[in-house]
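Trainee: Can you keep this structure in mind? I'll have questions shortly.
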Amino acid sequence: MPLYEHQTKKRRLDADDGNAAADGFKSGTRFRPTIAREWTVSVAVPTSVITDCVTREQRTTYAGRIARALAVFSVDEVVVYDDTPVDQRPARVDYEAYTGDVDPAHFLEHILTYLETPPFMRKTLFPLHPNLRSQGLLPSLDMPHHPHKDEWLPYREGMTLEKRPQDGKGTIVDIGMSNPVTISETIEPRTRLTLKMVDHGTPEPVHPTAPRTEVGYFWGYTVRKATSLSDVFTQSPYEDGYDLSIGTSERGLPLSRAFPEHKEFNFNHMIIVFGGPRGLEFAAMNDGELGELGIVGPRTKELFDHWVNVLPNQGSRGIRTDEAMLIALTGLRKLWDTS
């Protein structure tokens with residue numbers, strides 16, 4: 001077969017393939033559920049990861065890298081905890097400019113929440129704010145609940161609209177498609193909902209965790225702010241807290257020794273806690289409650305079930321927290337991989 005005929009035939013086959021674009025490149029991944037699950041994976045990051053960032057742009061891109069790691073590894077919860085000395089924390093919860101007092105906890109919480117929100121509802125739910133001045137630098141997370149107009153999933157995130165149905169009953173909800181849907185419940189405008197898309201019926205509002213617990217879709221992450229390292233644990237949203245906790249430190253065990261291949265590790269709610277540029281010991285030192293208990297310095301590891309070094313013999317003197325997240329989540333994913 002002449003070369004030009006072979007190439008023409010190949011292009012025609014690619015164009016006919018439902019999983020490929022007309023130009024021969026594969027289309028975007030279609031999300032499929034794994035297994036319905038109640039268990040969760042959480043990550044905790046300190047505010048000090050952005051205190052060394054000089055510019056607003058650096059802070060924004062750093063937060064974006066954290067969000068990408070959360071999305072890629074299907075993390076269910078992120079906790080932003082303050083690890084700085086109390087007397088060095090901003091007096092204000094919010095700020096008006098990137099000069100003077102900067103509240104890194106509020107900044108990280110704001111950016112991570114903004115990125116988790118489906119893009120079509122961000123403009124309404126997130127008014128203009130100094131935190132978002134460089135939002136154009138933020139990456140796309142493209143998670144299952146960030147809808148593509150040509151993709152159907154049995155669940156959708158939606159935002160209630162002020163416009164009322166013609167018969168005056170129920171609520172109109174924007175779900176990021178060409179046409180909104182109507183639900184039978186009456187809900188205030190500008191409210192974010194998770195909807196179950198019923199075949200030939202009215203969509204039903206469900207709990208935000210339903211896509212995960214009923215079918216097995218990763219449905220984004222929640223964001224929680226903690227004022228200290230100890231609050232990461234004491235303010236857990238789960239009734240019995242975290243039953244598997246992992247602290248990361250260059251003084252910990254290599255992952256291969258902490259989690260050998262031949263041993264199974266079962267959990268309901270796992271949390272992986274990362275330190276900032278000065279480590280988890282720095283966070284413990286600035287935690288009054290831990291200080292009263294004497295859990296400082298080398299004793300910081302007593303807070304965790306496992307104390308691990310995610311990359312022994314590293315080639316750089318220091319690993320940034322966003323880099324450590326990618327390395328740790330890659331190595332630890334075997335604990336919850338459902339493939």
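The values are calculated or read from the model by the stated rules, or taken from the named source; none is laboratory data. Owing to the predicted nature of the structure, the values given are computational and were not obtained by experimental measurement. Backbone-built Cβ (ideal geometry, glycine too); neighbour counts: all protein chains shown. Quick note on the areas: whole protein, heavy atoms, side chains included, nothing else; ligands and nucleic acids left out. Shrake-Rupley method; radii C 1.70, N 1.55, O 1.52, S 1.80 Å.
Trainee: Could you check the range 204-241 and list, in sequence order, the residues that are in a loop (DSSP other than H, G, I, E, B) and touching a helix residue (DSSP H, G or I) at 6+ places or on another chain (Cβ under 9 Å)?
Mentor: H207, Y217, F218, W219, G220, Y221, T227, S228, G241
Trainee: Then there's this: When you go through (1) over 22 Å from the mean Cα position of the chain (by Cα); (2) touching a residue at least 12 places away in the same chain (Cβ under 8 Å); (3) more than 18 Å from T124 (Cβ to Cβ) one by one for I172, which number turns out not to apply?
Mentor: (3)
Trainee: If I filter the range 56-70 for residues that are in contact with a helix residue (DSSP H, G or I) (Cβ under 9 Å, 6 or more places away or on another chain), outside any helix (DSSP H, G or I) and of a type in the set (A, V, I, L, M, F, W, C), do I get at least one hit?
Mentor: Checking the range 56-70: not a single residue is in contact with a helix residue (DSSP H, G or I) (Cβ under 9 Å, 6 or more places away or on another chain), outside any helix (DSSP H, G or I) and of a type in the set (A, V, I, L, M, F, W, C).
Trainee: From the list F274, F282, F265, F304, pick out the single residue that is in contact with a strand residue (DSSP E or B) (Cβ under 9 Å, 6 or more places away or on another chain), of a type outside the set (D, E, K, R) and surrounded by fewer than 18 Cβ atoms within 10 Å (Cβ to Cβ).
Mentor: Working: F274 fails: surrounded by fewer than 18 Cβ atoms within 10 Å (Cβ to Cβ); F282 fails: surrounded by fewer than 18 Cβ atoms within 10 Å (Cβ to Cβ); F304 fails: surrounded by fewer than 18 Cβ atoms within 10 Å (Cβ to Cβ).
Being in contact with a strand residue (DSSP E or B) (Cβ under 9 Å, 6 or more places away or on another chain), of a type outside the set (D, E, K, R) and surrounded by fewer than 18 Cβ atoms within 10 Å (Cβ to Cβ) holds for just one of F274, F282, F265, F304, which is F265.
Trainee: A further question follows. Could you count how many residues in the range 161-215 are open to solvent by 80 Å² or more (accessible area, probe 1.4 Å) and at positive phi?
Mentor: The total comes to 2.
Trainee: Which count do you get for residues in the range 105-162 that are more than 29 Å from D52 (Cα to Cα), in contact with a Phe, Trp or Tyr (Cβ under 6 Å, 6 or more places away or on another chain) and in a helix (DSSP H, G or I)?
Mentor: Residues that pass the stated criteria total 0.
Trainee: Contact list please: Cβ distance under 6 Å, first residue in the range 133-150 and touching a residue at least 40 places away in the same chain (Cβ under 8 Å), second residue of a type in the set (K, R) and open to solvent by 80 Å² or more (accessible area, probe 1.4 Å), pairs at least six apart or on different chains.
Mentor: Matching pairs, first to second residue: P139/R68.
Trainee: In the range 29-84, which residue that is hydroxyl-bearing (S, T, Y) and under 13 Å from L112 (Cα atoms) is most open to solvent (accessible area, probe 1.4 Å)?
Mentor: Among those residues, the one meeting the criterion is T61.
Trainee: Can you say whether T248 is farther than 30 Å from T182 by Cα, in contact with a strand residue (DSSP E or B) (Cβ under 9 Å, 6 or more places away or on another chain) and of a type in the set (S, T, Y), as far as the supplied structure shows?
Mentor: Details: farther than 30 Å from T182 by Cα: yes; in contact with a strand residue (DSSP E or B) (Cβ under 9 Å, 6 or more places away or on another chain): yes; of a type in the set (S, T, Y): yes.
Criteria met by T248.
Trainee: I'm told D14 meets every condition in (1) open to solvent by 90 Å² or more (accessible area, probe 1.4 Å); (2) over 26 Å from S228 (Cβ atoms); (3) at pLDDT below 80 except one. Can you identify the failing condition by its number?
Mentor: Here D14 clears every test but (1).
Trainee: Which residues, counting only those in the range 320-339, are open to solvent by 40 Å² or more (accessible area, probe 1.4 Å), in contact (Cβ under 8 Å) with a residue 12 or more places away in the chain and within 16 Å of E250 (Cα to Cα)?
Mentor: R320, L326, I327
Trainee: Now, a different point. Would you mind stating whether D287 is charged (D, E, K, R) and either in contact with an Asp or Glu (Cβ under 7 Å, 6 or more places away or on another chain) or crowded, with 19+ Cβ neighbours inside 10 Å (or both)?
Mentor: yes
Trainee: Would you confirm whether or not the range 242-259 contains a residue that is loosely packed, with under 15 Cβ neighbours inside 10 Å, in a loop (DSSP other than H, G, I, E, B) and modelled with pLDDT under 95?
Mentor: Checked against the condition, which is being loosely packed, with under 15 Cβ neighbours inside 10 Å, in a loop (DSSP other than H, G, I, E, B) and modelled with pLDDT under 95, the range 242-259 yields no hits at all.
Trainee: Taking the range 114-128, which residues are surrounded by 20 or more Cβ atoms within 10 Å (Cβ to Cβ) and more than 19 Å from R65 (Cβ to Cβ)?
Mentor: P118
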